[in-house]
1. Which of the following residues is part of a helix (DSSP H, G or I), loosely packed, with under 10 Cβ neighbours inside 10 Å, at pLDDT below 95 and over 23 Å from the mean Cα position of the chain (by Cα): ARG125, ARG118?
2. Please tell me if VAL22 is hydrophobic (A, V, I, L, M, F, W, C), within 13 Å of the chain's Cα centre (by Cα) and at pLDDT below 90.
3. Which ones in the range 75-85 are loosely packed, with under 15 Cβ neighbours inside 10 Å and at negative phi?
4. Look through the range 86-102, keep the residues that are touching a residue at least 24 places away in the same chain (Cβ under 8 Å) and not small (Gly, Ala, Ser), and return whichever of them is surrounded by the fewest Cβ atoms within 10 Å (Cβ to Cβ).
5. Filter the range 30-78 down to residues that are within 12 Å of the chain's Cα centre (by Cα) and within 20 Å of GLU94 (Cβ to Cβ), then give me how many there are.
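The values are calculated or read from the model by the stated rules, or taken from the named source; none is laboratory data. Only a predicted model underlies this, so the values are computations on that prediction, with no experimental measurement involved. Virtual Cβ from ideal backbone geometry, glycine too; neighbours counted across all protein chains shown.
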Amino acid sequence: MAREENEFNRPTDDDSPPHDLVPGFVATREELFELVKHWEKVRIWYPWVYFTYGQSGGWHSEHAAICRISSIRKFLGEKFFEKAIQEAHVEFQEGLDPEDWRIFMEGSEEERQAIVERNRSEMERLGKGSE
């Protein structure tokens, strides 16, 4: 049975949605490595926003990232997979407060809540300054 053509599955030159699979494309191990890094940073983004601001959302994208990472893992091999995850974390945390990152990765609930409260207070202060 043929799929009905729609805006998400029709063949296009350059305007296709960014998450479409490309039939017949075979990635190199280096490309898979970079894809794992990309999807891991996407996966981290949503918990980071929740951690930083106490807001949730984006679980669809986080779930998609987890699915893509899981799919690639078996083709990349455990050694390179773990290295890609580590590199993604290093790249993601560039420019972030090292103590905030530590708390994000391994902090207690109290430490996490203190970050949320600190950031909420800062946002309120900045909001009052723009009035």
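1. Checking each option against the conditions leaves just ARG125.
2. no
3. The answer is PHE75, GLU78, LYS79, GLU82.
4. GLU91
5. Total satisfying the criteria: 16.
Yes/no matrix, rows are residues, columns are (1) among the aromatic types (Phe, Trp, Tyr); (2) in contact (Cβ under 8 Å) with a residue 40 or more places away in the chain:
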{"position": "ARG29", "(1), (2)": "no, yes"}
{"position": "TYR50", "(1), (2)": "yes, no"}
{"position": "MET105", "(1), (2)": "no, no"}
{"position": "GLU124", "(1), (2)": "no, no"}
